[in-house]
Amino acid sequence: MSLLPEGCIASVISCTTPRDACRLSLVSSIFKSAAEFDAVWERFLPPEYQSIISKSSPCPSSSSSPSSLLCLPSKKELFLSLCDHPILIDDGKKAFSLDKQSGKKCYMISARDLIIVWGDTPTYWRWTSLPGARFQEVAELIDVCWLEIRGKISTCILSPGTDYAAYLVFKLTAESYGFKGLAVEVHVGLVGSESQKRTVYLDAVRGQASLPRENDGHHPKERGDRWLEVELGDFYNAGDEDGELEMNILAVTPGHWKSGLIVQGIEIRPKQGR
C-alpha cells in the first residue's frame, strides 16, 4: 500500500462514505494524508452544493454567514460545517444540512411551511420565536380540539437511493395538557399513493420515562439541540421519478382539547444504518 500514490488512494477513498474515510485515515500516515484531499470531500458534497449555499441564509442560532462557507480552506471543513450548522433555504422556509455518516441530504420544513389547521387563527395558535430554533418563527398551540398538521417535500431534492425517515420536531410547555396517553395518527407516503399509517405519542414524560435515549419509534426522544422528536414514518427515495412526499399528523377526537405544543417543523433525514 505504501507504494501507491496518494492520489490513487484518495480516489479509492472518495468512492466510500465520510464515515469510512475517517476510519481509513487511521490506517497509516499516507492514508491519513490522502483522506484529507479536497477531491475526496468534494465527492461527499451534493453536486449542486454551490448553488444551494449561494441562495441560502444563516439560521437565527448560527453566527456564521453561508457566503463564508465557500471560503473555508478545505472541502472537509465545508462538509463538516454543513453537517453541524444547517443553513436556511427557500426564503427561510426550510433548513438544509448533510448527514455526517453518509453525506446524504437532510431537510427540515419550518412550521410556517406546513399546513396547520387553524394555524392563522390567534385564538387557537400563535407564532413566536424561541432561542435555539432554526427558524425565525415557531407555532405554539393555544387550545384546539382538532389538531391537524400536513407537510410536503419534493422527492427530487432528496438524495437518490436512500432510506429516509420523517420526524416531528417539537416541544411541550410546562402548562401543556391533553397529550398524556393521547394516540396521534400519522401518515407518510407519496402523494397519490397509499401512505404508511402508524400511531405515536407526543407526551414527553411518558416517552422519556419508557426509553430515555433508546427509542421504540412511537414515543418522543430528546435531540442534541434540546428539542423533542418523534418518528412519523419512513420512505425509500429511489430517485427515478419526481413526486411529493407527504406527512400528516392527526389528533381530532371530538371534545378532547389540547394545548402547549410548540412545533418547529418536520425533519426528513436518512435512517441510520441504511
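Here each label is just a point 7 Å from Cα along the line to Cβ, and for THR173 and LYS271 those points are 3.6 nm apart.
On a 20 Å Cα-Cα criterion, which of the cross-link pairs LYS32/LYS100; LYS32/LYS76; LYS105/LYS271; LYS100/LYS152; LYS93/LYS258; LYS180/LYS258 come out too long?
Over 20 Å apart, Cα to Cα: LYS100/LYS152; LYS93/LYS258.
When both segment 29-76 and segment 159-185 are represented by their alpha-carbon centers, they are found 31 Å apart.
Principal-axis analysis of the Cα atoms of the chain puts helix 75-84 at an angle of about 20° to the longest axis. Listed by chain and number, the aspartates and glutamates placed with their C-alpha closer than 15 angstrom to that of LYS197 are GLU148, GLU185, GLU231, ASP234, GLU246; residues fewer than eight positions away on the same chain are left out. You can think of it this way: the chain between THR199 and TRP257 has 19.0 nm of extra reach, that is 0.36 nm per residue less the Cα-Cα gap. Counting only other residues whose beta carbon sits under 10 Å from that of CYS156, what net charge do I get with K and R as +1, D and E as -1? Value of the local net charge: -3. Taking the charge dipole of the chain about its Cα centre, with +1 at Lys and Arg Cβ atoms and -1 at Asp and Glu Cβ atoms, the residue from GLN101, LEU26, ALA165 reaching farthest to the positive side is LEU26. Using 0.36 nm per residue and subtracting the Cα-Cα separation, the extra length available between ASP242 and THR123 on full extension is 39.0 nm. Modelled label positions at CYS8 and CYS22, each set 7 Å beyond Cα in the direction of Cβ, lie 2.9 nm from each other. Taking the protein heavy atoms of the chain in the context of the full set of protein chains, the accessible area attributed to carbon and sulfur is 52 percent at 1.4 Å.
What Kirkwood hydrodynamic radius do you get for the chain when you take the inverse of the mean 1/r over all pairs of distinct Cα atoms, in Å? When all Cα pairs of the chain are included, the Kirkwood radius is 20.1 Å. Adding -39500 (n - 2.57) for every DSSP H run of four residues or longer, then dividing by how many residues the chain holds, sets the calculated 222 nm ellipticity at -5000 deg cm²/dmol.
Please give me the summed charge of the neighbours of LYS258: other residues whose Cβ is under 13 Å from its Cβ, Lys and Arg +1, Asp and Glu -1. Don't jump to the answer; show the numbers that get you there.
Details: positive: LYS180; negative: GLU140, ASP143, GLU148, GLU175, ASP203.
Summing Lys/Arg as +1 and Asp/Glu as -1 gives -4.
The values are calculated or read from the model by the stated rules, or taken from the named source; none is laboratory data. Because the structure is a prediction, the values reported are computed rather than measured. Here the Cβ is made from the backbone with ideal geometry for all residues, glycine too, and neighbour counts use every protein chain on show. The accessibility values were calculated without ligands, DNA or RNA, using every heavy atom of the protein model including side chains. Shrake-Rupley method; radii C 1.70, N 1.55, O 1.52, S 1.80 Å.
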